[in-house]
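Bear in mind these aren't lab numbers, they're just calculated from the coordinates by the rules spelled out. If you're wondering where the values come from, they're calculated on a predicted model, not measured in any experiment. So basically every Cβ, Gly included, is an ideal-geometry build from the backbone, and we count neighbours across all protein chains shown.
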Amino acid sequence: MELTSKLTLEMLGEPFLLEKRIELLNAIAENGSISKAAKAVPMSYKSAWEAVDVMNTLSPEPIVHRETGGKDGGGTTVTSYGKTLLENYAVLKREHTHFLERLAELTDMQSGTFKTIGRLGLQISARNQMQATVTTVESGEVEARVQLLLKGGHMLVSEITEEAVEDLHIVVGQSVTAICKSSNVSIITELNPQKENQLRGQILQIEKDRKNAKITVDIGMHDRIISVMSIEEFRKLSVKEGTRVMVDIEAKNIMLGR
């Protein structure tokens, strides 16, 4: 995994110098023509002039000077102020690159906190997201069965398409995120030996409204699974906070993310 980051400079709270605009300014300085510069970047002639107008508007001094008439509709030059900006940007870009290289050297990009940061940045509607390690991958013609080891020692099986396995590059030993909607999690009080994906835990919290109940189950090592069901289903369970239960999830309802 490579650590990358775009360098953007703002002026008056607006994006001012972007990578694409820097490329455009360098192309203008080299070609002396907005039309040739636009083709070199590439971008449309209209987009090129819009970018120049934005930069000139935000800047305290003109960055690009346009002369009417002549070949290609007139010459276009980068002003001395614009050239100074390009030189300063090149210095900042170089230092920015050195910073990323140094950060990559100091950080284990394949494990530890960087992976955690990546997971925290993932925003999806599914309530249940758990870190897991792939232990086996059983391939089929259409679907694959991926066995997962959770932090607390529970085993979980996910059934996803072969295409998904290939797209995500899922292999044994890899760290993934197991994802499941709360409506696809059942709460049971007795073990069914014929079924997989039954995880033992303890009810940590119960929240109810007129129609639904949300049950949070602690399955160990800070892994919590949420189940949402109708009030009628909840009443049939006869459970309360602190009750030892099992969560039951169909393998087809467990998605994987990286």
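A few comments on the model shown:
- Exceeding the 26 Å Cα-Cα cut-off - candidates K151/K208; K211/K236; K181/K211: K151/K208
- Cα centroid separation - the range 161-227 against the range 123-142, whole Å: 11 Å
- Efficiency of FRET from Cβ geometry, M221 and E162, R₀ 35 Å, rounded to 0.05: 0.70
- Three principal axis extents of the range 114-257 based on alpha-carbon atoms, in descending order, are 43, 36, 26 Å.
- Partners of K195 within straight-line reach, counting aspartates and glutamates whose Cα lies under 15 Å from its Cα and excluding those fewer than 8 residues away in the same chain: E159, D248, E250.
- Label-point separation in nm, T136 to L100, each point 7 Å along Cα→Cβ: 4.1 nm
- Peptide ranges 27-34, 216-223, 81-88 listed from the most packed, as the mean C-beta count within 10 angstrom indicates: 27-34, 216-223, 81-88
- Proximal aspartates and glutamates to K36, defined as alpha-carbon separation beneath 20 angstrom and excluding residues fewer than eight positions away on the same chain: E19, E23, E50, D53, E67, D72
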